[in-house]
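The values are calculated or read from the model by the stated rules, or taken from the named source; none is laboratory data. Treat the numbers as computed from the prediction; the structure is a model and nothing was measured. Cβ placement follows ideal geometry from the backbone for every residue including glycine, while neighbour counts extend to all protein chains displayed.
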Amino acid sequence: MSFTVRDFKDLLQLLSENPEWREELRRALLSDDFLALPKIIRELAEAQKINEQNLRELIEAGRRHETRLTKVEEQLDKLSQRVDRIEIRLAKVDGRTLEIEYERKAGGYFGRIIRDPQIVKLAAWEKQLSPPLTEEEFYDVWLADLILRGQLRKPPEGQSRDEAWLVIEVSVLMDVEDVERAVRRAALLRKANLFALPVVAGEEVTERALQMAEGRGVILVKDGRIRFVEQALQRYG
């Protein structure tokens, strides 16, 4: 016997009048997996809410960590600046200590170049040097770390004067700037008709400074070892 439209309407009427039959019909018509679908959807929705909450908490935690990280980075930057300032001060102290060492032991370090090296106090030479030096040139020479004068142990052949002035730039790490200053300031004293030789002295030397010193006839003193004296005498003698 076929199921007619009228039978369907009657069924709907019965289901409306007996709600408990609807659940039984649903179980009869649908599989267990399909029936479980609403529960699964609710669980997924709940899980989604939990995930969203967790995500919000993670984002907030990330913001807090980012803020803390920014503060830490600022503190590290300040600390780095302080360390840089301390290193600069220590370098100045080391440089000044080295200057005092060379000045105090001038005979030991430079006595192989000139006999009985005497420390030059440039203030006493101002009238003699200005002119021919301009005021700016005179004070530039005065800024040299150390100036010594004495009798050359090995005067250049044909040199009528055997007194020499050593214009010395002192640095823990000798660089091209030290070489250039020594060359410039020694040249100014030669302008004043003094036999002046440029010298750089220190504990270490850069490769560029070493090459420049040899090429420009600059005497180099490193840990007590003296180099390029002959080059300096040939170039400036």
Kindly list, by first and then second residue, each pair from a residue in region 112-137 that is in contact (Cβ under 8 Å) with a residue 12 or more places away in the chain and outside the structural domain of GLY224 (by TED's automatic domain parsing) to a residue that is assigned to a loop (DSSP other than H, G, I, E, B) and of a type in the set (Gly, Ala, Ser), limited to pairs with Cβ atoms under 8 Å and residues at least 6 apart or on different chains. none
Just wondering, is there one or more residues in region 128-140 that are among the β-branched types (Val, Ile, Thr) and under 22 Å from GLU101 (Cα atoms)? no
Considering only residues that are in a loop (DSSP other than H, G, I, E, B) and either surrounded by fewer than 16 Cβ atoms within 10 Å (Cβ to Cβ) or in contact with a strand residue (DSSP E or B) (Cβ under 6 Å, 6 or more places away or on another chain) (or both), which ones fall in region 207-235? VAL218, ASP223, GLY224, PHE228
List the helices (runs of 4 or more DSSP H) that sit entirely inside region 101-190 and contain at least 2 residues that are surrounded by 13 or more Cβ atoms within 10 Å (Cβ to Cβ) and of a type in the set (A, V, I, L, M, F, W, C). 106-110, 135-142
From the list ALA192, ALA209, which residue is of a type in the set (Gly, Ala, Ser) and either closer than 25 Å to GLU136 by Cα or outside the structural domain of ALA144 (by TED's automatic domain parsing) (or both)? ALA192
Which one is modelled with the lowest pLDDT, of the residues in region 146-169 that are closer than 18 Å to ARG216 by Cβ and either aliphatic (A, V, I, L, M) or under 36 Å from the mean Cα position of the chain (by Cα) (or both)? ALA164
